[in-house]
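The values are calculated or read from the model by the stated rules, or taken from the named source; none is laboratory data. These numbers come from a predicted model, not from an experiment. Backbone-built Cβ (ideal geometry, glycine too); neighbour counts: all protein chains shown.
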């Protein structure tokens, strides 16, 4: 049996929560899917990608300061309500499956997305529940162009108390009609999607696509 992966980098977990929590973000910049960089002449109001990250940091920070943040059940509810709807598990699953993705039928792909979602959110809730206080300082920098026209990369720096080295974070996002979606995060060049690709590739190599249906 292939063991389910667990991230031990708590800073990465915090960063993922901060970045993915885009619920109720108010429009800050004028952007469209065809023009994610705010050029004049477009009328669709959406938060810019770096504003999405900053809004998420503010909301999560406020939640973690409440008594609810000491309950694993409340943390999971918060994640399901405020975080999960705002990142693309299907895109993450496609990248995580790598070359095996083409061999999966529609049902197997749906199970892949669901498995990745459950593993990710369960680990995220567990790690947020044990995160040490005080919370780290998060500096978010302006978005830069990604690898294609609709992709943006938002860089952040996590500075934790106690003299630990800062963590560099890169949020990879793409724009949809519903706003910016996060589909990968790297912490000091370590990619979350690459981590899951290693897991799913091992599983598919050993057990084949049918393993996703178990």
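Looking at residue 53, is it within 17 Å of residue 122 (Cα to Cα), modelled with pLDDT under 85, in contact with a helix residue (DSSP H, G or I) (Cβ under 8 Å, 6 or more places away or on another chain) and surrounded by 21 or more Cβ atoms within 10 Å (Cβ to Cβ)?
Details: within 17 Å of residue 122 (Cα to Cα): no; modelled with pLDDT under 85: yes; in contact with a helix residue (DSSP H, G or I) (Cβ under 8 Å, 6 or more places away or on another chain): yes; surrounded by 21 or more Cβ atoms within 10 Å (Cβ to Cβ): yes.
No; evaluated as a whole, the condition is false for this residue.
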Across (1) assigned to a loop (DSSP other than H, G, I, E, B); (2) more than 16 Å from residue 57 (Cα to Cα); (3) touching a strand residue (DSSP E or B) at 6+ places or on another chain (Cβ under 9 Å), residue 142 clears everything bar (2)
Of all residues in the stretch 175-196 being within 20 Å of residue 98 (Cβ to Cβ) and free of Cβ contacts under 8 Å to residues at least 40 places away in the same chain, the one that is surrounded by the most Cβ atoms within 10 Å (Cβ to Cβ):
186
Exactly one of 178, 189, 143 is modelled with pLDDT of 90 or more and within 25 Å of residue 89 (Cα to Cα), and that one is 143
Conditions (1) touching a helix residue (DSSP H, G or I) at 6+ places or on another chain (Cβ under 7 Å); (2) buried (at least 16 other Cβ atoms within 10 Å of the Cβ); (3) closer than 27 Å to residue 151 by Cβ; (4) touching a residue at least 40 places away in the same chain (Cβ under 8 Å): number failed by residue 69:
(3)
Residue pairs within 8 Å by beta carbon, gap of at least six or interchain, first lying in the stretch 77-99 and more than 21 Å from residue 204 (Cβ to Cβ), second surrounded by fewer than 16 Cβ atoms within 10 Å (Cβ to Cβ) and modelled with pLDDT of 80 or more, listed first then second, are 78/68
